[in-house]
Every structure is written in C-alpha cells, then in structure tokens.
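Scroll down for the structure; my scribbles are underneath it.
Please treat every number below as a calculation from the coordinates, not as lab data. None of these values were measured; they are calculated from a predicted model. Here the Cβ is made from the backbone with ideal geometry for all residues, glycine too, and neighbour counts use every protein chain on show.
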Amino acid sequence: MFTHRLVTFFSILVFSMVVQAEDFKVANIHISHPFAKATVPGQISGSAYLKLENKGKSADKLTKVESAIAKSVELHTMEMEGEVMKMREVKEISLNAGEKIEMHPGGGYHIMLVDLRQPLKAGEKFSLTLTFEKAGKLNVIVNVEEKVGTATLVNHQH
Ligand SMILES: [Cu+2]
C-alpha cells in the first residue's frame, strides 16, 4: 500500500514537471508563457501576463480568473489617458475565432492579483484558473520572473 502511494506520488511529480512546459490548452484555447513579475517589498498587488490564442472557428471569452495566491483576481486593461497610464477593470476578454492576444507589461490587458497572500519571488510558480465561456476551465502555471522594465512603477496603485 505504502509503495503504491509512493509510486502515485512520483508520477504526480513527473506529471507536474511536464505541465510546467509553459503551454496549456483546453478545447480550442491555447495559452502560452504565463508569467508574473516579482514584487518589491511593500507591494501588495501583482500582475500576471500570458498569451491567449483561439484556434477554433467560433469566438470565445475569458470570463474569470482565480488563484489562491491573491484575495481576488481581476482582468484589467491599461491605457494612456492624456499623459497618465490608467488601469480599469474589464469583465471579460473576447477572443474571436483565430485571434491571438499577447499580454505584456506596459499596456493593454493584464491579470491583476489584488491583495497577494504572499510576495511573488523570482523563480517561484503559482497556479491560475482561467474560465472561458465556451472552452471551460483551464489551470495554468505561472512563472515568477525578475522585474523587467519600469512599467509596474507607473501603475498598480489602486
Ligand atoms: Cu491592474
């Protein structure tokens, strides 16, 4: 019995290593390179980014993102308003048939991790659950990476 459990444990371990290959899919939705930026001391919210692709023949929508790493997770968009970068929450992100959306720091969509339960440290990973209107739920593993650029200094003060 014990040996059997041990084997199960190791196969789960191997499975999760395979899953970390940075590409995830559910039905026709493909997600690649989910990453988040490491937080600095005192930073209470973080942001995550990923590439979405709808390889199907009909439109779909990302309607919800959840994670145990933060008290709440929101979909945000960031745009210049005059000379100021402003973030606002969006209810969903639409993906037309064949459409690709690449989130990146500094503008456009991002996933906002509101009130982190723990700091995001470079080299660590956490999981996000994405819900699509048609494709359903998908778990992705997010890699925490060193801060790149200065984009986060401008925003994320809610
Ligand atoms: Cu935001």
For LYS61, the lysines lying under 28 Å Cα to Cα, once residues fewer than eight places off in the same chain are dropped, come out as LYS25, LYS37, LYS51, LYS71, LYS86, LYS91, LYS100, LYS125, LYS134, LYS137
Using the Kirkwood radius over Cα pairs of the range 23-154, the Stokes-Einstein translational diffusion coefficient at 25 °C and 0.890 mPa s, in µm²/s and rounded to a whole number, is 164
Between SER32 and LYS86, Cβ-based FRET efficiency (R0 25 Å, step 0.05) works out to 0.35
Interchain or sequence-distant (5+) residues whose placed amide H lies within less than 5 Å of the amide H of LYS134 are LYS61
For the range 23-154, averaging the sequence separation of alpha carbon pairs under 8 Å that lie six or more residues apart and dividing by its residue count, the contact order in percent is 34
From fewest to most C-beta neighbours within 10 Å, the residues ILE31, ILE111 line up as ILE31, ILE111
So for R0 = 30 Å, FRET eff. of HIS104-SER58 from the Cβ-Cβ r, to 0.05, ends up at 0.70
